[in-house]
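Worksheet for the structure shown next.
Please treat every number below as a calculation from the coordinates, not as lab data. Please read all numbers here as calculations on a predicted model, not as lab measurements. A quick note on method: Cβ atoms are made from the backbone with ideal geometry, for glycine too, and the neighbour counts reach across all protein chains shown.
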Amino acid sequence: MTDAGRVELARALVAGGLVCYAPANLLPVMTIAMTGEVDRLTVLGGVRELYESGLAPVAAVVFAASFVVPLAKLLCLSWVLLLHGSAGWRRERTAALRVLKLIGSWSMVDVFLLSVLVAVGQLGALASVRSEPGVCFFAAMLLFTLAAGEVYEPRLIWQRREAAAA
Amino acid sequence: MRRRAGQNFRHGQPMLAIPPPGRAGPPRLMGADGKQRCPVCGAVMARRELRPGQELRCRRCGSTVRRAAGELLAPLCWALATTGLIVWGLAVCTPILTFEIAGREQSNWIWTGIAGLAAQGYWPVAVLVFFSAMAAPVLHLAAVWYVSGALSSGGRWPGAERAARLARAVAPWSLTPVFAVACGVAVVKLEMLGRVEWHQGAFWVLALAACSFALARLLDDRGPGEARGG
C-alpha cells in the first residue's frame, strides 16, 4: 500500500470509529437477568453499577479501559491525522502514537468481560446474560481504532510536505 | 558473511530482526550516503557501539532505533514461546471458573464465551473474541517460536522471514493479558450475584498472559517496528 493510501485508509477508519462511538456508548451492551431482576447495561451503566456496589477501583479500571482509552484514541488519531503533512508537533505526535500502541488494546476489556459473563450466564431463569446491539458498535469502534493505529505508521508524520501531499 | 533469513550480525551479536508487516525486509537504517539514519524521521545519527541492554534513541523524534539484544535474546524468546504454546493448550482445555447460583452451576472455558456470543447471533463479536483471545496468541507464539528457534539453532529454517512478518502482524491482536484482566473483573462482578470458584484454567490464562507480556516487552517495536539488537 502506498503512503497516501495508508493515510486515506487511516482517516476512513477513524471516521468509522467516530461514527460508532455514540451508539457504542448510548446503546446497551448486555442484559443481565438474575433471579427475576433484569438490568440492561450500557458501557457506563456497567461502570456505575460496579461503583455503586462499592467496587470503586474495579469501576475505575473498567471506566478507563472502556470509556477513556477509546475516546483518547479517537481524539488522538484525529489530531495526528488532521496535522498530517504539517511540520508542527511532530515529536509529540510520534510520542502520542507510541502511547496509543501501548494502551490501545486495553479497551477490549469490556468485550472480553461480556464473553466471560455470557459463558456463565446460561442458567435459564436463575441467571442469564444476553449481548445487546451496543456491543457490535463498541467492537467495531475498537477494531477501527486498532486498525487505524496500525495503518498510520509514525514515519508518515515525518514525511516532507510535498511527499505527504502526493 | 552470508546472512540467514531473519538474522543479522553486528559486532558478533545476534539480532532478532522482525520486519514490519507489508515490508519485505527490515527498514533501511543506512542512507545512500552510508550514514545511519532514524527510520522514523530520517535524522542522521552518530554510530556508536551498544552494550547488551543499551538502546540507541533518536534525539529528534524520540524513537528507539536500535537495541542491543545480547546473546540470550533468541534463546530466551524461544524458551518463552515454547512455554507459551504449552500453556496455551492448557488454558484452552481447562475451565477458568465456575459460577454457582441457587444450587445450579455453570463453568467457563475461553471458548464457551465465544460459543455463547455466536449462539446469540453476535457472530462478528464472537469472531473478534476468538481471534484476539485464542487465535492471535497462538499464531504469535508459534511464529516467534519458529523465528527464535531458527536464530537459536543457527540453522537455515525455510520461511523464517515470513514467520517473522506474521509475528509482527498478529502481535497487536494478541490480547491474552487483557483477557486475564477481564476475567478478574468478571469474577468481581459475579461475586456480587452468586458464588464463584476459580479453576486451573485461570492460572494457565494468567501464565499465558505473563508469557505474552514478556515476549511483547522483549520484541518491543518502538519506532519503526523493529525488535533488534545491535
Unit-weight point scatterers at every alpha-carbon of the range B:112-201, Debye formula, q = 0.19, 0.21, 0.22, 0.25 1/Å: log10 I(q)/I(0) is -0.93, -1.02, -1.06, -1.18
How big is the Cα convex hull of the range A:84-164 in projection, averaged over all directions, in nm²? 6.6 nm²
Partner chain Cβ atoms within 10 Å, averaged over the residues of A:133-143 - can you pull that number for me? 3
Percent relative contact order of chain A, based on C-alpha pairs within less than 8 angstrom and at least six residues apart? 42 percent
If you look at just the Cα atoms of the range B:82-145, how large are its Rg and its Dmax in Å? 13.9, 46
Peptide A:39-47 - average C-beta neighbours from other chains (10 Å radius): 0
By the Kirkwood definition, with r running over pairs of different Cα atoms, the range B:26-150 has a hydrodynamic radius in Å of 18.7 Å
Expected vector for the range B:129-144, Karplus 3J(HN,Hα) from phi with 6.51, -1.76, 1.60 and θ = phi - 60°, integer Hz, x for Gly and Pro, equals 5, 4, 5, 7, 9, 10, 6, 4, x, 6, 5, 5, 4, 5, 5, 5
Check B:Arg66: other-chain or 5+ apart residues with amide H under 5 Å from its amide H, H built from backbone geometry? B:Leu56
Against the globular-protein guess of 2.2 N^0.38 Å, express the Cα radius of gyration of the protein assembly as shown as a ratio, rounded to two decimals. 1.05
Provide a whole-number value for the mean count of partner chain Cβ atoms within 10 Å of the Cβ atoms in peptide B:185-196. 6
What order, most packed first, do the peptides A:71-77, A:153-159 have when packing is the mean number of other Cβ atoms within 10 Å of each residue? A:153-159, A:71-77
When you count, for each residue, the other Cβ atoms within 10 Å and take the mean per peptide, how do A:111-119, B:132-140, B:57-65 rank with the highest first? A:111-119, B:132-140, B:57-65
